[in-house]
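Asker: Take a look at the following structure, please.
The values are calculated or read from the model by the stated rules, or taken from the named source; none is laboratory data. Predicted model only: the values in this text are computed from it and were never measured. Cβ placement follows ideal geometry from the backbone for every residue including glycine, while neighbour counts extend to all protein chains displayed. Note: areas computed on protein heavy atoms with side chains; ligands, DNA, RNA excluded. Shrake-Rupley method; radii C 1.70, N 1.55, O 1.52, S 1.80 Å.
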Amino acid sequence: MKKVHNFNAGPCVLPQEAIDAAIEALKDFSSTGMSVIEISHRTKEWEAVMDECRSLWKELLNIPDTHEVLMLGGGASMGFLYAIMNFFEKKAAYLETGVWAKKALKEAKGIAQTCGGEAVAVASSADKTYCYIPKDYTIPTDADYFHITTNNTIYGTEIRYDIDSPVPLIADMSSDILSRPVDVSKYALIYGGAQKNVGPAGVTFAIVRKDALGKVSHYIPTMLNFQTHIDGGSMFNTPPVFPIFVMKETLKWLKKMGGVEAINKINVKKAQMLYDEIDRNPLFVGTAAKEDRSIMNVCFVMAPGHEELQDEFLAFAKSKGMVGIKGHRSVGGFRASLYNACPVESVEALIACMQEFEQLHK
């Protein structure tokens, strides 16, 4: 198979061990004589997968018994609605730090208007194209919850700490979950799509504080009610079986790597290596405020005076085996996604590519 360096933002690079296990399960799942994609989710073999996957989540993130782990469909965009329907009563507060945070706020405003309440942005970094994380803001104490998007995949910023919130804290952690330690006890809800750090597209994780539920007065549609899925063990309806299997294998790989604290050290190292090269190389410049730089999505552009080299560098990088470094279509430039399974060797290869390109244009 052709060797490439995968920097795709999602779906993204996965551990080879997880891919290999998935291939075998597609042929014969747990010696059942059936493929994992045709097994009934009501069998003891599949229930064992669900139990192991849930257990790995709890172990890797030190999830307390106050919280339940759910594996659902719908993606993080459905998560926007899960948050609103289960926690919104009269007022929701949002931190607007990028495209996905803005979309989450839009959904909240729509539901709030219907219910006669309000959804507000307590702060926004839209004034500078989301290149920083707002700092000086006050979380309204009369809000039902405060929603944050911890990592900004498009603009390359990240909230790398657990906010102390006077109201229930909700976080979309689609693109940095399990990349660093998190104090789960501080959150009423953590949710996200799996296709960055914990598996392929098709399954959504949710970590829900159980005693935060059941406090809204409006009707919650059955499929959007977290209690439905807690009571059903994430199998109220047929779960996304294959993505959950790959998630389980990815979590097993992470545990083998030493867990979240160990992978965080590797992630910090990878990001620092690449940011150091961006800051050193006269052809490139980073786009995010240095104090808010993401370790998951490194965003950069050609330096002023070298903008005409963008397409040439993309072609050059592709010839060197770099895949997925083109920036999001809404902003252009470049983006290297350094998720958990991205090896240090790939970052080293990208740096060498940038340095070689520099030599060609001296």
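Asker: Regarding K106, is this residue free of Cβ contacts under 8 Å to residues at least 60 places away in the same chain, over 23 Å from the mean Cα position of the chain (by Cα) and more than 22 Å from S294 (Cα to Cα)?
Answerer: For K106, the condition - free of Cβ contacts under 8 Å to residues at least 60 places away in the same chain, over 23 Å from the mean Cα position of the chain (by Cα) and more than 22 Å from S294 (Cα to Cα) - is not met.
Asker: Restricting attention to segment 100-120, which residues are open to solvent by 50 Å² or more (accessible area, probe 1.4 Å) and not basic (K, R)?
Answerer: Within segment 100-120, W100, E107, Q113, T114, C115, G116, E118 qualify.
Asker: Consider segment 124-143. How many of its residues are touching a residue at least 60 places away in the same chain (Cβ under 8 Å) and over 20 Å from the mean Cα position of the chain (by Cα)?
Answerer: Selection size over segment 124-143: 1.
Asker: In addition: Is it true that K90 is under 25 Å from I220 (Cβ atoms), surrounded by fewer than 17 Cβ atoms within 10 Å (Cβ to Cβ) and in contact (Cβ under 8 Å) with a residue 12 or more places away in the chain?
Answerer: Yes, satisfied.
Asker: Do you know which residues across segment 97-131 are closer than 16 Å to S165 by Cβ, part of a strand (DSSP E or B) and touching a Pro at 6+ places or on another chain (Cβ under 9 Å)?
Answerer: Answer for segment 97-131, where residues must be closer than 16 Å to S165 by Cβ, part of a strand (DSSP E or B) and touching a Pro at 6+ places or on another chain (Cβ under 9 Å): V120, V122, A123.
Asker: Scan (1) at pLDDT 95 or above; (2) under 20 Å from the mean Cα position of the chain (by Cα); (3) not basic (K, R) for the single condition V36 breaks and write down its number.
Answerer: For V36, the failing item is (2).
Asker: Further, regarding this structure: Would you please list the contacts, defined by Cβ atoms under 6 Å and residues six or more apart or on different chains, that run from a residue in segment 257-270 that is open to solvent by 30 Å² or more (accessible area, probe 1.4 Å) to a residue that is assigned to a helix (DSSP H, G or I)?
Answerer: So the pair list comes out as M257/I263.
Asker: Also, I was wondering about something else. Kindly provide the set of residues from segment 45-77 that are farther than 21 Å from V184 by Cβ and either modelled with pLDDT of 95 or more or part of a loop (DSSP other than H, G, I, E, B) (or both), ordered by number.
Answerer: If the condition is that a residue be farther than 21 Å from V184 by Cβ and either modelled with pLDDT of 95 or more or part of a loop (DSSP other than H, G, I, E, B) (or both), then E45, W46, E47, A48, V49, G73, G74, S77 are the ones that fit.
Asker: So, Y94, is that one under 18 Å from G193 (Cβ atoms) and among the aromatic types (F, W, Y) or not?
Answerer: For Y94, the condition - under 18 Å from G193 (Cβ atoms) and among the aromatic types (F, W, Y) - is not met.
Asker: Which of the residues spanning segment 48-97 are within 16 Å of I177 (Cα to Cα) and among the aromatic types (F, W, Y)?
Answerer: W57
Asker: Test of understanding: among M322, M354, which residue is within 30 Å of N264 (Cα to Cα) and over 23 Å from the mean Cα position of the chain (by Cα)?
Answerer: M354
Asker: If the requirement is being farther than 25 Å from A48 by Cβ and touching a helix residue (DSSP H, G or I) at 6+ places or on another chain (Cβ under 6 Å), which of these qualifies: E261, E277?
Answerer: Criteria check complete, one pass: E277.
Asker: Taking segment 204-226 only, how many residues are outside any loop (DSSP other than H, G, I, E, B) and open to solvent by 70 Å² or more (accessible area, probe 1.4 Å)?
Answerer: 3
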